[in-house]
1. Within the set of other residues whose C-beta is less than 9 Å from the C-beta of P298, count the net charge using Lys and Arg as +1 and Asp and Glu as -1.
2. Structure shown: which of K121/K285; K183/K272; K6/K199; K121/K354; K183/K255; K163/K322 lie over 30 Å apart, alpha-carbon to alpha-carbon?
3. Net charge within 10 Å of E257 by Cβ-Cβ distance, Lys/Arg positive one each and Asp/Glu negative one each, not counting E257 itself?
4. With Cβ to Cβ distances under 9 Å as the rule, what net charge do the other residues near T149 carry (K, R +1; D, E -1)?
5. In the chain, with Lys and Arg counted as +1 and Asp and Glu as -1 at Cβ, which of these residues, T363, Q169, A283, has the Cα nearest the positive end of the dipole, that is, farthest along it?
6. Once Lys and Arg get +1 and Asp and Glu get -1 on their Cβ, which of A105, A324, I61 lies farthest toward the positive end of the dipole of the chain?
7. When we measure straight from the Cα of K44, which aspartates and glutamates land under 17 angstrom away, once same-chain ones fewer than 8 places off are left out?
8. Put +1 on the Cβ of every Lys and Arg and -1 on every Asp and Glu Cβ in the range 211-375; which of H258, V220, A339 then has its Cα farthest towards the positive end of the dipole?
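Please treat every number below as a calculation from the coordinates, not as lab data. Small disclaimer: the values here were computed from a predicted structure and weren't measured. Counting neighbours? That spans all protein chains shown, and the Cβs are built from the backbone with ideal geometry, glycine included.
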Amino acid sequence: MPRPNKLVLSRRAVDALPVAGREALFWDRDLTGFGVRVHPSGSKVYMVQTRARGKTRRVTIGRHGVWTPERARREAGRLLASLKAGETPRRPGEDSPSANGPTIAEMAERYMTEHVAVRCKPTTQRGCRHILDKFLLPKFGALRLSEVTPDHVAALHYRMRDKPVMANQTVSLLSRLFYTAAKSGEAPAGGNPCRFIQKYPTRGRERFLSEQEFDRLGRVLAELETAGTVSASAAGALRLLMLTGCRRNEVATLKWEHVDLEHDELRLRDAKTGARAVPLSPAAKQVLTALPRRPGNPWVFPGRVRGTRLRTLNVSWQVVRKEAGLEDVRLHDLRHSFASRALALGESLPMIGKLLGHTQVQTTARYAHLGRHSVKVAAARIADSLEADMDTPPEVAAVQ
């Protein structure tokens, strides 16, 4: 017969309990009947078990992290005494406002309805819904806010370690649900369990096309369009992305009513950062002028089905970048490359921010290192020129 798992249930001891592929019970050495159940998910739950009137009775106290071992032990003593006296004990937390508070699923729907649907763009709404449906609700949906512990969150975050950006976004969204609950006075006594989670470090990708790569990209795009491999609609959209630095969705959802060729600008009413005007260079204007307008279709870049718009550029872009030997270049890198070229030509960061539609200086500041590189190149060029003069012999300088 295996020996029961017995130890003194202190905070350090419970934190160190192993997580296995099946549920395990560990009992307190000092208080008989007081124990902690460790789930395969990583959550640890305090409980009591005893025999009363010939029957085994088990009552859950609460999750480790929300309950400390000391508080759980005191509650266990009360429950055990009540059970042995034949009473029906009051369950832990029954007199707590958070015990009957909203579930994660209920709070998520409230957050989506009252905040996301009102304040966020459709792409953000879809992103939040994806995280909820795929990662949060399947695991936490039925739990009440007071039942979600740091162990729950840490276990989910760890399971998603192979996709660190999504893991961090998932924890951030869960944290916003607790913040929303706090504003309405429904936050659990244990506070926000997400505050204990250390986010995975992520590094933004930076890929900027060189002059030679732009030349190759333009040539390949023209060849594929002529061959019919890439539609004229997709080719025009890709060219406009390169020539304006616009976001993909700003170009994909562009309507002719937003195009003002007389004043050489696009008037975007619902861009990511709000309404903005995008100046059109002669080259960008020529791209738009060359596009045919389909009767009854308001979209600048129409789809294959009558009256629709181009739904995605991903398929066409994959064909183009593979043919051009630029398989590591993303569509969004065309926007980065626009900013990089602007800096190389001497434009200031505030001007580039205005061109890209940034509302915060910090967003444009990510390109500052490119500006420092240009300054270093200029400094090296000037120094080389001065060094050449300094090394010139006096008699040669006099002749000159």
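1. +1
2. Where the Cα-Cα span goes over 30 Å, the pairs concerned are K6/K199; K183/K255.
3. After counting each charged neighbour, the total is +2.
4. On the way: positive: K44, R63; negative: E147, D151.
Taking every Cβ under 9 Å from that of T149, the sum is 0.
5. Q169
6. I61
7. D15, E23, D28, E70, E75, E147, D151
8. Working it through, the farthest residue towards the positive pole turns out to be H258.
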